[in-house]
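Here's the structure we're looking at; comments come further down.
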Amino acid sequence: MTLDEAFDKFKIKYKKAMVTGGAGFIGSHICEALVTRGFEVISIDDYSAGKDMNLEHLKQYPNFEAIKCDVTDLENLEKAFKGVDVVFHEAASKKNICLKDPRRDLQVNGGGAFNMAELCVKHKVKKLVHASTGSVYGEAVKFPQDENHPLNPVSYYGVSKLAGEKYVGAFHHLYDLNTTVLRYFHVYGPRQEFSEYGGVVSIYVRNLINSEPPTIFGTGEQERSFTHVNDVVLANIVVAASDETNGEIYNCASGLKVTINELAESVLEYFKSDLKPVHEDWLVGDIKKFQIDNSKIKALGVEFTTDFNQGLTQTIDELKEYIANAQKS
Ligand SMILES: NC(=O)c1ccc[n+]([C@@H]2O[C@H](COP(=O)([O-])OP(=O)(O)OC[C@H]3O[C@@H](n4cnc5c(N)ncnc54)[C@H](O)[C@@H]3O)[C@@H](O)[C@H]2O)c1
């Protein structure tokens, strides 16, 4: 299904969307898809990691509003709910931040999801799509990993995100809230955070722009199921538009397997660089092997059509300019 076909169904149900984490990487792409098609959109972000520049191109649209608000601040969050009929909850404290302040991360990833679900019930929101993560599975004990794989997260991040999706599930069961959980894996694309808190693709691009070698933790043979952000946006719109997704959880991953060594090689090749990757110790909680079963979400018509090499090239093309602009400001 194309994004336009998914929106044909979506527009029958919804007029006004809230996107939390709207100034972040994935949230800003969801905002863009909605705003440019004429939906009313409210972005909620505390800008702890999000950037104003991610939403700059949407400010010209009268149907778009960006509000600075913390999802743990229930009182202020509630003020933004008027008329909202669909919510995409992307706001989260990410992996590396969690290592530094796991209590705060539990408040944001667990408590924030609780607040969102509670307010969705109170304001009769028709649909809550909740962004979760493959990190809730922990190290795989059987392959391929479908949605019924045991949940044994090995990082603070994975535990707090699991708390978030479980709260969303509880509100679904207790109050019939229409929810869908998407477990993302290794999303990449333009506007991804490139600091030490960012994704490996954008970090490597920043390294190469600054003539630094990419760092590989461990052997580099760890696999990633890189998934382009456009395909993640499609997944969000499809599950929101579909009737059969109520109360369901879906793996949202391309199914690709790319090692970190292969990624480093591709990025070095793009930059025609002679630099050699630097190897460091494994990161705590890093998952080494993924083999994701994405058949459940594909059955809804979500196709992961972005070719990795093309997606990577286009991402690096855009990230080069993005990082240069961000480093200037
Ligand atoms: N990028 C990935 O590969 C990936 C993989 C798995 C899951 N996810 C999930 O997808 C979602 C979006 O991730 P992303 O990659 O776009 O990250 P991101 O850091 O770019 O975006 C998250 C946004 O949430 C905002 N935020 C953080 N704490 C907040 C708070 N207390 N109140 C309001 N806003 C807050 C940040 O400022 C940021 O703009 C997250 O829920 C994340 O856990 C992402």
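Quick one: count up the residues across region 61-86 that are closer than 17 Å to residue 50 by Cβ, away from the ligand (no atom under 13 Å from the Cβ) and either assigned to a helix (DSSP H, G or I) or among the β-branched types (Val, Ile, Thr) (or both).
In the first step, residues of region 61-86 are kept if they are closer than 17 Å to residue 50 by Cβ; the result is 64-73, 76-77, 80.
Now drop any that are not away from the ligand (no atom under 13 Å from the Cβ), which leaves 64-65.
So of that shortlist, the ones also either assigned to a helix (DSSP H, G or I) or among the β-branched types (Val, Ile, Thr) (or both) come out as none.
The qualifying residues number 0.
Restricting attention to region 124-172, the residues being of a type outside the set (A, V, I, L, M) and part of a loop (DSSP other than H, G, I, E, B) number 16. Out of curiosity, is residue 253 touching a strand residue (DSSP E or B) at 6+ places or on another chain (Cβ under 8 Å), of a type outside the set (S, T, N, Q) and more than 21 Å from residue 317 (Cα to Cα)? In short, yes. Each residue in region 129-152 was checked for being of a type in the set (Asp, Glu) and at pLDDT below 95, and 1 pass. Does region 293-312 contain at least one residue that is at positive phi, touching a helix residue (DSSP H, G or I) at 6+ places or on another chain (Cβ under 9 Å) and assigned to a loop (DSSP other than H, G, I, E, B)? Yes, that holds for at least one residue.
Scanning region 25-43 for residues that are in a loop (DSSP other than H, G, I, E, B) and touching a helix residue (DSSP H, G or I) at 6+ places or on another chain (Cβ under 7 Å) returns a single hit, 37. Residue count for region 1-58 under the criterion of being within 20 Å of residue 127 (Cβ to Cβ) and more than 12 Å from the ligand (Cβ to nearest atom): the result is 26. From the list 293, 286, the one residue that fits, being out of contact with any Leu (no Cβ under 8 Å at 6 or more places or on another chain) and over 25 Å from residue 197 (Cα atoms), is 293. Residue check: residue 119 meets all listed conditions (1) within 12 Å of the ligand (Cβ to nearest atom); (2) part of a helix (DSSP H, G or I) but one, namely (1). When residue 166 is tested against (1) buried (at least 22 other Cβ atoms within 10 Å of the Cβ); (2) over 21 Å from residue 24 (Cα atoms); (3) of a type outside the set (S, T, N, Q); (4) within 15 Å of the ligand (Cβ to nearest atom), exactly one condition is not met: (1). Being away from the ligand (no atom under 12 Å from the Cβ), modelled with pLDDT under 95 and more than 21 Å from residue 93 (Cα to Cα) is not true of residue 196. Among the criteria (1) surrounded by fewer than 17 Cβ atoms within 10 Å (Cβ to Cβ); (2) outside any helix (DSSP H, G or I), the one residue 320 does not fulfil is (2).
The values are calculated or read from the model by the stated rules, or taken from the named source; none is laboratory data. Note that the coordinates shown come from a computational prediction; the quantities given were computed from them, not determined experimentally. FYI the Cβ positions are ideal-geometry reconstructions off the backbone, even for glycines, and counts take in every protein chain you see.
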